[in-house]
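Here the structure comes first, spelled out in structure tokens, and everything after it is commentary.
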Amino acid sequence: MCHDADIREALVAWFQRTHRDLPWRRTSDPYALWVSEVMLQQTGVKSVIPYYREFLRRFPTVRALARAPLDEVLKAWEGLGYYARARNLHKGAQFIVRRFRGTLPTTCDEWLQVPGVGPVTASALASYLSGEPRPAVDGNARRVISRLFRVRQRSSQRLFERNILKFAKRMVVAPNAGTLNQALMELGATVCKPRAPLCASCPVSRWCKAFAEGHPEKYPGRRVRPGVQSVRVVAAVIRRNAKILITRRPPEGLLGGLWEFPGGKIEAGESPGQALQRELREELGIQVRIGKPLLETSHRYTHLKVHLTFLEAVLVKGPIKPGRGCSAWRWVRHEELKRFAFPAADKAVIRLLTQARHTR
Ligand code: SF4
């Protein structure tokens, strides 16, 4: 017997009764909802809240965001990670101003025209803004659906996603599409947790197949993830008069558009000093004399662990001629460093430089 209508009714009633009071649930402004959806893509609610508030304070409208220099947008995003989201939001805002005269889309088809907006975000926004019955399946909703209907993740990821979407379409229907999308995500985030689901407080337990089977935590099953790669990187703190050289990464790719201390990967058989001299010659066309080591640190990105060595270096031959790994360069004073957006991995050396300056 099909209980879809009962499940939907229970989900909507539960969500209306118990949902968390989050800043983006107090607004119907499509721009603010778009910002929140993008921030929540790869980041948890707790971390997003202060960034969301600050971002809207700095860029209160889509026009303000479109007008802002990319550097300022990246600075506001600094620390939130996955910087492609910030670049896409900025590009998307410029597109909306140009193509839609600053009016935010409300339908899924319109949202999909905006650069950087994928099907999950477009579906979520369309369901909130116009009630369009489009399922928006994030990791939390995926887990709930997988357990409710016993959809197991096996070797074929594509088949699994297709089955999840099939059930999600059955769940997310008019007239409560927006609430149903939110309820599925909220249930996954607060009750149907990955390791220890709180089935005793679940509004849909009586229809849940994984609960009936007795082992809900087995669903959706393990996804085969690519292993974490490890790279060694060296970077230079090069001083000239009272200034330090910083370079900007190319706009696309990992950490695209962020500023950093110049350097690059240490190849097999190279010492950090040798790698630094080679990288600076290739990337900036300069020669340096290697000075004292400053700091060793490491940082984990999703599939990448970076071990970083920072060395002092003195410019012995210029001028700077940036290559393909560098989109801009500047000599900046210590106190100006905080105006630029840097990857998290560079923060430790900035702190060290600042401390050394204050204790001098
Ligand atoms: Fe998840 Fe348990 Fe609810 Fe099933 S009964 S949806 S496993 S919390």
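The values are calculated or read from the model by the stated rules, or taken from the named source; none is laboratory data. Nothing here was measured: the structure is a model prediction, and the numbers come from that model. Here Cβ is always computed from backbone atoms with ideal geometry, including for glycine, and neighbour counts include all displayed protein chains.
Between a residue in the stretch 12-36 that is at pLDDT 95 or above and surrounded by 18 or more Cβ atoms within 10 Å (Cβ to Cβ) and any residue that is not hydrophobic (A, V, I, L, M, F, W, C) and not in a helix (DSSP H, G or I), which pairs come within a Cβ distance under 7 Å, given they are 6 or more apart or on different chains?
Taking only residues 6 or more apart or on different chains, the pairs are Trp14/Pro203; Pro30/Thr106; Tyr31/Thr61; Leu33/Thr27.
Only one of Glu260, Glu270 is among the acidic types (Asp, Glu) and either modelled with pLDDT of 95 or more or in contact with a Pro (Cβ under 7 Å, 6 or more places away or on another chain) (or both); which?
Glu260
Go through Leu89, Leu129 for me and flag whichever is in contact with a helix residue (DSSP H, G or I) (Cβ under 6 Å, 6 or more places away or on another chain), buried (at least 22 other Cβ atoms within 10 Å of the Cβ), closer than 24 Å to Gln182 by Cα and of a type in the set (A, V, I, L, M).
Only one candidate passes the filter, namely Leu89.
Determine whether Ala235 is more than 10 Å from the ligand (Cβ to nearest atom), farther than 30 Å from Val316 by Cα and touching a residue at least 60 places away in the same chain (Cβ under 8 Å).
It is false that Ala235 is more than 10 Å from the ligand (Cβ to nearest atom), farther than 30 Å from Val316 by Cα and touching a residue at least 60 places away in the same chain (Cβ under 8 Å).
Exactly one condition in (1) surrounded by 12 or more Cβ atoms within 10 Å (Cβ to Cβ); (2) under 24 Å from the mean Cα position of the chain (by Cα); (3) within 13 Å of the ligand (Cβ to nearest atom); (4) free of Cβ contacts under 8 Å to residues at least 60 places away in the same chain is false for Arg195; which is it?
(1)
Checking Asp6 against (1) free of Cβ contacts under 8 Å to residues at least 40 places away in the same chain; (2) more than 21 Å from the chain's Cα centre (by Cα): exactly one of these is not met. Which one?
Failing condition for Asp6: (1).
Scanning the stretch 199-221 for residues that are assigned to a loop (DSSP other than H, G, I, E, B) and near the ligand (Cβ under 6 Å from one of its atoms), which turns out farthest from Arg150 (Cα to Cα)?
The extreme case among them is Cys202.
In the stretch 60-71, is there at least one residue being basic (Lys, Arg), surrounded by fewer than 17 Cβ atoms within 10 Å (Cβ to Cβ) and either assigned to a loop (DSSP other than H, G, I, E, B) or under 14 Å from the mean Cα position of the chain (by Cα) (or both)?
No: the stretch 60-71 contains no residue that is basic (Lys, Arg), surrounded by fewer than 17 Cβ atoms within 10 Å (Cβ to Cβ) and either assigned to a loop (DSSP other than H, G, I, E, B) or under 14 Å from the mean Cα position of the chain (by Cα) (or both).
Give the stretch 3-33 a look and list any residue that's more than 17 Å from Gly131 (Cα to Cα) and outside any helix (DSSP H, G or I), or say none.
Within the stretch 3-33, His3, His19, Arg20, Asp21, Leu22 qualify.
Do any residues in the stretch 273-289 that are in contact (Cβ under 8 Å) with a residue 12 or more places away in the chain have Cβ atoms under 8 Å from those of residues that are of a type in the set (Phe, Trp, Tyr), where the two are at least six apart or on different chains, and which pairs are they?
Once the first residue is in contact (Cβ under 8 Å) with a residue 12 or more places away in the chain and sits in the stretch 273-289, its partners that are of a type in the set (Phe, Trp, Tyr) give Leu284/Trp329.
Confirm whether Ser146 is at pLDDT 95 or above, farther than 22 Å from Gly92 by Cβ, surrounded by 16 or more Cβ atoms within 10 Å (Cβ to Cβ) and of a type in the set (Ser, Thr, Tyr).
Values: at pLDDT 95 or above: yes; farther than 22 Å from Gly92 by Cβ: yes; surrounded by 16 or more Cβ atoms within 10 Å (Cβ to Cβ): yes; of a type in the set (Ser, Thr, Tyr): yes.
Taking the combined requirement at face value, the residue satisfies it.
Can you say whether Ile266 is farther than 23 Å from Lys347 by Cβ, surrounded by 14 or more Cβ atoms within 10 Å (Cβ to Cβ) and in contact (Cβ under 8 Å) with a residue 12 or more places away in the chain, as far as the supplied structure shows?
The answer is no for Ile266.
Only residues that are in a helix (DSSP H, G or I) and crowded, with 16+ Cβ neighbours inside 10 Å: list them for the stretch 46-59, please. Explain how you work it out, then say what you get.
Residues of the stretch 46-59 that are in a helix (DSSP H, G or I), as a first pass: 46-58.
Those that are in a helix (DSSP H, G or I) and crowded, with 16+ Cβ neighbours inside 10 Å: Val48, Tyr51, Tyr52, Phe55, Leu56.
Which one of the conditions (1) surrounded by 14 or more Cβ atoms within 10 Å (Cβ to Cβ); (2) over 21 Å from Ala13 (Cα atoms); (3) within 10 Å of the ligand (Cβ to nearest atom) does Val151 fail to meet, given that it meets all the rest?
Of everything listed in (1) surrounded by 14 or more Cβ atoms within 10 Å (Cβ to Cβ); (2) over 21 Å from Ala13 (Cα atoms); (3) within 10 Å of the ligand (Cβ to nearest atom), Val151 misses just condition (3).
Tell me which of these Leu184 doesn't satisfy, since it passes every other one: (1) in a loop (DSSP other than H, G, I, E, B); (2) among the aliphatic types (A, V, I, L, M); (3) crowded, with 17+ Cβ neighbours inside 10 Å; (4) within 12 Å of the ligand (Cβ to nearest atom).
(1)
Report, by residue number, each residue of the stretch 122-160 that is among the hydroxyl-bearing types (Ser, Thr, Tyr) and within 24 Å of Val191 (Cβ to Cβ).
Hits for the stretch 122-160 are Ser123, Ser127, Tyr128, Ser146.
Of the conditions (1) over 24 Å from Arg20 (Cβ atoms); (2) in contact (Cβ under 8 Å) with a residue 40 or more places away in the chain; (3) among the charged types (D, E, K, R), Lys169 satisfies every one except a single condition; which number is it?
Status for Lys169: all satisfied but (2).
Please go through the stretch 121-140 and give me each residue that is in contact (Cβ under 8 Å) with a residue 40 or more places away in the chain, more than 11 Å from the ligand (Cβ to nearest atom) and either basic (Lys, Arg) or assigned to a helix (DSSP H, G or I) (or both), ordered by number.
Thr121, Ser123, Ala124, Leu125, Ser127, Tyr128, Leu129, Arg134, Gly139
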